[in-house]
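Novice: Quick one: this structure, given as structure tokens, is what I'll be asking you about.
The values are calculated or read from the model by the stated rules, or taken from the named source; none is laboratory data. All figures in this text were calculated on a predicted structure; none of them were measured in a lab. Glycine also receives a Cβ, built like all others from the backbone with ideal geometry; neighbour counts cover every protein chain displayed.
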Amino acid sequence: MLDNILTIRGLKITAKIDGIDSDIVHGIDLDLKRGEILGLIGESGAGKSSIGLAAMGFTRNGCKISAGEIDFDGLDLARATEKQKQNLRGVRIAYVAQSAAASFNPAHRLIDQYAEAPLSHGLSNALESKQEAIELYRKLQLPTPEEIGFRYPHQLSGGQLQRAMTAMAMSCKPDLIIFDEPTTALDVTTQIEVLSAIRDIVREYKTAALYITHDLAVVAQMADRIQVLKDGRAVEMSETSKMLAAPQEDYTKTLWAVRNFQRREKAFDPKDIILSLNNIDASYERHGPKILNDVSIRVVRGQTLAVVGESGSGKSTTARVLCGLLEASKGELVFNGDVLPLNYRKRDKSTLKNLQLIYQMADTALNPRQTLLQILGRPLEFYLGLKGEEKNARVAQLLEQVELEPKRFLNRYPGELSGGQKQRVSIARALAAEPELIICDEITSALDQAVNESILNLLNRLQEDLNLTYIFITHDLATVRAIADEVVVMWQGKVLEQSTTEALFSPPYHEYTERLLSSVPQMDPQWLDELLLQRAKAEAI
Amino acid sequence: MQKFLSSWWGIPLSAQFGLLVITVYLLLVALAPWLAPFGETEILANAYEPWSSTYWLGTDSLGRDMLSRIIYGARNTVGIALIATLLAFLIGGLLGLLAATVGGVLDQLLSRMVDVIMAIPSLIFALLMLTIVGTSATSLVLVIALLDSTKVFRLARSVAQSIVVMDFVEAARLRGEGRWYLMRHEILPNVSAPLIAEFGLRFCFVFLFISTLSFLGLGTQPPAADWGSMVRDNATLISFGDITPLLPALAIALLTVAINFVVDWKLHAASGLKD
């Protein structure tokens, strides 16, 4: 107990949901030694973030700590005054949020934001803190550490911002840092850089850390011990290597589920091409740089074609060109044997109906002022001319197809649904048009593991029932392996290769594909070290 | 009825008060001939009669019944302001949404036209227009509607622009929906809250604008009753310690306050903040 920096006993957090107080965290115990990294893992709603915030004595709006002790180095944060807590926060306890892009103030330079905490707590002067910042930027392997701090947040990439935020958290040399899903929004190749930077600096400064994530493979690289959470209760806790080798609880085993998701074999005719892109070029400005460069892709009817690549590789642009939202500057689109107009405005109703798009962010893809009945009813009315009772019956049927109970959901607004449910509604809206081809643009990347798996299962089942063809755009290779029949790898606006999933995931690999594949975190705690070692060796040669 | 009652008690007290006052005013507007004891322009007695059982609020400078004139005045002042504001929102809102939805040349054309109109001080512009087209109630409504629609246009356009770029609008475009559907079903429901709030404010401004015009002799023309000119005509009474001439002014103030209570409530709801 004595060498604990943080001791939590019987922590309960209560939230007001629909006007009723209900517990979201039911009595959690945690011990964190100085210099130790503890991984908190669980799906969304498990209470990970609430516990992380509670470790600073803070709760979200509408929540409160209703019982228990949070002992930080002798001070009970559950009962401390606001003033006492303020003196700790930023100085002895720091927090790194999931979305650095949303957490920085866009109007100030990074280095000024870095210096804010040390200055306001009187720990150093402006000049010193700037020098420290540059030193930290260097340690976190940010490019041009002397200059990068003088840029504004929008001038950095997501991975760089996440590291700049970690530097900011380190500014007062805290005893404890809380990382709340710091790499979840990043793609695999960027994730590695951030992970290794965070790990090195935490080890060097001997800072204790709570590392919150839903990705077991990530936590395996970072944490000394892992605590599994579900619905605000502790499931099990043990050393990282033990946990990975032999998880005790059934629930912990299901966290592996999506990685073991197996797609069923399908029979299809490889000559039956539903859609082909022939030598497509596209750019956002008339004479601007080419975002797509000579892209050719064939899609076989009834198949799932995955398009993978890191951010900026042009995979989402490909989807926009397919839909006609972005007019290709060169090349041709052939759908069911007919050449398609490149602009969606010139396409006829039946083409629009047959090509449906599902968006990444279901939050913005559904009109917040329409009920599900209106959202799903409109395409039925518009494309199929259904009205009144007939329409309502079909909407109910669609909701059933995506496993939402019609009676409960028909008259709800999107704001009253969870992230996974919203995405199901988006899928139902695409299905309502009775399309032949559905383009899924990163539709699972904003969802957590378990929900992710259920959405993939749903898509698989619908494909079998309705003989749909999917183009599945993603940066997550686990998803690709789970769902795709064929894979297109994109890099800097070019198609590097198109092959079957089996061929892609077995050697010999294309050079870039190999880099992408090797960047996917593995369940082995040594994986990150070995990978970095290998890459360092390769570069030395 | 039960649903209405339960939602009624969910409204803040100030907004309840505002809604009640507005309802009373609207009743006055609708039922003026039945509610008023005497005619609008009837000369009944000597000028400046004190309050009595016959003339509850006394008579004005020409011997007309004050109470009846206040009731009819609601019709002229509130009625004209209401119609002018509605028309301003119809024109401004429609064009604003259209400009945001279509964009490009149409947006530029409409926006620059609005800029030109807004560049001329509105009182001078109104005086000019009214001198040209005459001071009938219809032309008053049209001129005010035209002037105010520019402000509504700007608001509708800017709010709609942030909605137009959302994925759900793009999804509707991809479905092949026409402009009218996009504006009416996808965009309007998402911009209605700020527009409703603006409606209340605009209404007050129009109201005051009409009073200003009346004072300058270009608003409601005598002998029609109008609260603004009623204050002016009977102002001499104030020096004798009689508060009667202040009553029309009070009627204006009360309505302005009531509308702003409702606007505050709507703004609060639109901002999505919890209590």
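Novice: Looking at residue A:134, is it farther than 26 Å from residue A:475 by Cα, out of contact with any strand residue (DSSP E or B) (no Cβ under 9 Å at 6 or more places or on another chain), aliphatic (A, V, I, L, M) and modelled with pLDDT of 85 or more?
Specialist: On the way: farther than 26 Å from residue A:475 by Cα: yes; out of contact with any strand residue (DSSP E or B) (no Cβ under 9 Å at 6 or more places or on another chain): yes; aliphatic (A, V, I, L, M): yes; modelled with pLDDT of 85 or more: yes.
So residue A:134 passes the test.
Novice: Follow-up. Would you say residue A:318 is outside any strand (DSSP E or B), in the same structural domain as residue A:439 (by TED's automatic domain parsing) and without any contact (Cβ under 8 Å) to a residue 24 or more places away in the chain? If you could, list the steps in order and put the result at the bottom.
Specialist: On the way: outside any strand (DSSP E or B): yes; in the same structural domain as residue A:439 (by TED's automatic domain parsing): yes; without any contact (Cβ under 8 Å) to a residue 24 or more places away in the chain: no.
For residue A:318, the condition - outside any strand (DSSP E or B), in the same structural domain as residue A:439 (by TED's automatic domain parsing) and without any contact (Cβ under 8 Å) to a residue 24 or more places away in the chain - is not met.
Novice: A follow-up question, please. Condition first: more than 9 Å from chain B (Cβ to nearest Cβ) and part of a strand (DSSP E or B). Can you find one or more residues in segment A:339-357 that meet it?
Specialist: Scanning segment A:339-357, I find at least one residue that is more than 9 Å from chain B (Cβ to nearest Cβ) and part of a strand (DSSP E or B), so the answer is yes.
Novice: Taking into account only those residues within segment B:187-211 that are within 26 Å of residue B:33 (Cα to Cα) and β-branched (Val, Ile, Thr), which is nearest to the other protein chains (Cβ to nearest Cβ)?
Specialist: Applying the filter and picking the extreme gives B:206.
Novice: Please state which of the following conditions residue A:314 fails to meet, knowing it meets all the rest: (1) closer than 22 Å to residue A:445 by Cβ; (2) away from every other protein chain (no Cβ under 13 Å); (3) at pLDDT 90 or above.
Specialist: Going through the list (1) closer than 22 Å to residue A:445 by Cβ; (2) away from every other protein chain (no Cβ under 13 Å); (3) at pLDDT 90 or above, residue A:314 breaks only (3).
Novice: Among A:365, A:319, which is crowded, with 21+ Cβ neighbours inside 10 Å, touching a Phe, Trp or Tyr at 6+ places or on another chain (Cβ under 6 Å) and within 14 Å of another protein chain (Cβ to nearest Cβ)?
Specialist: Numbers: A:319 fails: touching a Phe, Trp or Tyr at 6+ places or on another chain (Cβ under 6 Å).
Every option except A:365 fails the conditions.
Novice: For residue B:184, state whether it is within 14 Å of chain A (Cβ to nearest Cβ), in contact with a Ser or Thr (Cβ under 8 Å, 6 or more places away or on another chain) and surrounded by fewer than 19 Cβ atoms within 10 Å (Cβ to Cβ). Show your work before the answer.
Specialist: Details: within 14 Å of chain A (Cβ to nearest Cβ): yes; in contact with a Ser or Thr (Cβ under 8 Å, 6 or more places away or on another chain): no; surrounded by fewer than 19 Cβ atoms within 10 Å (Cβ to Cβ): yes.
It is false that residue B:184 is within 14 Å of chain A (Cβ to nearest Cβ), in contact with a Ser or Thr (Cβ under 8 Å, 6 or more places away or on another chain) and surrounded by fewer than 19 Cβ atoms within 10 Å (Cβ to Cβ).
Novice: Continuing with this model, one more query. So which residues in segment A:368-378 are β-branched (Val, Ile, Thr) and either within 7 Å of chain B (Cβ to nearest Cβ) or surrounded by 22 or more Cβ atoms within 10 Å (Cβ to Cβ) (or both)?
Specialist: A:375
Novice: Going by the structure shown, is residue A:498 closer than 18 Å to residue A:189 by Cα, outside any helix (DSSP H, G or I) and either under 24 Å from the mean Cα position of the chain (by Cα) or touching a residue at least 40 places away in the same chain (Cβ under 8 Å) (or both)?
Specialist: Answer is no for this residue.
Novice: Quick one: residue B:148 ticks every box in (1) crowded, with 18+ Cβ neighbours inside 10 Å; (2) farther than 23 Å from residue B:218 by Cβ; (3) of a type in the set (D, E, K, R) except a single one, so which number is it?
Specialist: Every listed condition holds for residue B:148 apart from (2).
Novice: Further question on the same structure: Checking the structure you have, find out if any residue of segment B:252-267 is within 30 Å of residue A:61 (Cβ to Cβ), modelled with pLDDT under 80 and part of a helix (DSSP H, G or I).
Specialist: yes
Novice: With the requirement that a residue be more than 12 Å from chain B (Cβ to nearest Cβ) and surrounded by 18 or more Cβ atoms within 10 Å (Cβ to Cβ), what does segment A:411-440 give you?
Specialist: A:417, A:420, A:421, A:423, A:424, A:427, A:428, A:431, A:436, A:437, A:438, A:440
Novice: Does residue A:332 count as assigned to a helix (DSSP H, G or I), modelled with pLDDT of 90 or more and among the acidic types (Asp, Glu)?
Specialist: No, not satisfied.
Novice: To continue, here is another question. Counting just the residues of segment A:379-404 that are of a type in the set (D, E, K, R) and more than 22 Å from residue A:422 (Cβ to Cβ), which one comes out farthest from the other protein chains (Cβ to nearest Cβ)?
Specialist: A:389
Novice: From the residues in segment B:166-181 that are within 12 Å of chain A (Cβ to nearest Cβ) and of a type in the set (Phe, Trp, Tyr), which one is nearest to residue B:110 (Cα to Cα)?
Specialist: First pass over segment B:166-181, keeping only residues within 12 Å of chain A (Cβ to nearest Cβ): B:166-179, B:181.
Filter once more, keeping what is of a type in the set (Phe, Trp, Tyr): B:168, B:181.
Numbers: B:168: 26, B:181: 21 Å.
By that ranking, first place goes to B:181.
Novice: Hey, another quick one. In this structure, does residue B:68 turn out to be surrounded by fewer than 18 Cβ atoms within 10 Å (Cβ to Cβ) and either at pLDDT 85 or above or in a loop (DSSP other than H, G, I, E, B) (or both)?
Specialist: Working: surrounded by fewer than 18 Cβ atoms within 10 Å (Cβ to Cβ): no; either at pLDDT 85 or above or in a loop (DSSP other than H, G, I, E, B) (or both): yes.
So residue B:68 fails the test.
Novice: Okay, moving on. Taking residue A:101 and the conditions (1) small (Gly, Ala, Ser); (2) at pLDDT 85 or above; (3) surrounded by fewer than 21 Cβ atoms within 10 Å (Cβ to Cβ), which numbered condition does it fall short on, given that it satisfies the others?
Specialist: For residue A:101, the failing item is (2).
Novice: Do the conditions hold for residue B:61, that is, is it out of contact with any helix residue (DSSP H, G or I) (no Cβ under 9 Å at 6 or more places or on another chain), among the hydroxyl-bearing types (Ser, Thr, Tyr) and surrounded by fewer than 20 Cβ atoms within 10 Å (Cβ to Cβ)?
Specialist: Values: out of contact with any helix residue (DSSP H, G or I) (no Cβ under 9 Å at 6 or more places or on another chain): no; among the hydroxyl-bearing types (Ser, Thr, Tyr): yes; surrounded by fewer than 20 Cβ atoms within 10 Å (Cβ to Cβ): yes.
Answer is no for this residue.
Novice: From the list A:47, A:90, which residue is in the same structural domain as residue A:222 (by TED's automatic domain parsing) and touching a His at 6+ places or on another chain (Cβ under 8 Å)? Before the answer, list the steps.
Specialist: On the way: A:47 fails: touching a His at 6+ places or on another chain (Cβ under 8 Å).
So the residue among A:47, A:90 that is in the same structural domain as residue A:222 (by TED's automatic domain parsing) and touching a His at 6+ places or on another chain (Cβ under 8 Å) is A:90.
Novice: Which ones in segment A:383-425 are assigned to a helix (DSSP H, G or I) and free of Cβ contacts under 8 Å to residues at least 12 places away in the same chain?
Specialist: A:388, A:389, A:390, A:393, A:397, A:400, A:406, A:407, A:408, A:416 - these are the residues of segment A:383-425 that are assigned to a helix (DSSP H, G or I) and free of Cβ contacts under 8 Å to residues at least 12 places away in the same chain.
Novice: Quick check: is even one residue across segment B:150-165 within 14 Å of another protein chain (Cβ to nearest Cβ), out of contact with any Ser or Thr (no Cβ under 8 Å at 6 or more places or on another chain) and assigned to a loop (DSSP other than H, G, I, E, B)?
Specialist: yes
Novice: For residue B:239, state whether it is more than 30 Å from residue B:122 (Cα to Cα) and surrounded by fewer than 20 Cβ atoms within 10 Å (Cβ to Cβ).
Specialist: Considered against the rule, which asks whether it is more than 30 Å from residue B:122 (Cα to Cα) and surrounded by fewer than 20 Cβ atoms within 10 Å (Cβ to Cβ), residue B:239 comes out as yes.
Novice: Quick one: is residue A:303 closer than 30 Å to residue A:408 by Cβ, buried (at least 16 other Cβ atoms within 10 Å of the Cβ) and in contact (Cβ under 8 Å) with a residue 60 or more places away in the chain?
Specialist: No; evaluated as a whole, the condition is false for this residue.
Novice: In segment A:27-77, how many are out of contact with any Lys or Arg (no Cβ under 6 Å at 6 or more places or on another chain) and within 14 Å of another protein chain (Cβ to nearest Cβ)?
Specialist: So the count comes out to 3.
Residues are listed down the side, and each one gets a yes or a no for (1) under 16 Å from the mean Cα position of the chain (by Cα); (2) among the aliphatic types (A, V, I, L, M); (3) within 16 Å of residue B:81 (Cβ to Cβ); (4) surrounded by 12 or more Cβ atoms within 10 Å (Cβ to Cβ):
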residue: B:115; (1), (2), (3), (4): no, no, no, no
residue: B:119; (1), (2), (3), (4): no, yes, no, no
residue: B:152; (1), (2), (3), (4): yes, yes, yes, yes
residue: B:167; (1), (2), (3), (4): no, no, no, yes
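Novice: Just wondering, is there one or more residues in segment A:217-227 that are surrounded by 13 or more Cβ atoms within 10 Å (Cβ to Cβ), part of a loop (DSSP other than H, G, I, E, B) and modelled with pLDDT of 75 or more?
Specialist: yes
Novice: I would also like to ask the following. Give the residue that is surrounded by the most Cβ atoms within 10 Å (Cβ to Cβ), with candidates limited to residues of segment A:387-400 that are more than 26 Å from the chain's Cα centre (by Cα) and closer than 21 Å to residue A:358 by Cβ.
Specialist: Top of the filtered list is A:395.
Novice: Checking residue A:460 against (1) in a helix (DSSP H, G or I); (2) polar (S, T, N, Q); (3) free of Cβ contacts under 8 Å to residues at least 12 places away in the same chain, only one condition comes out false. Which one?
Specialist: (3)
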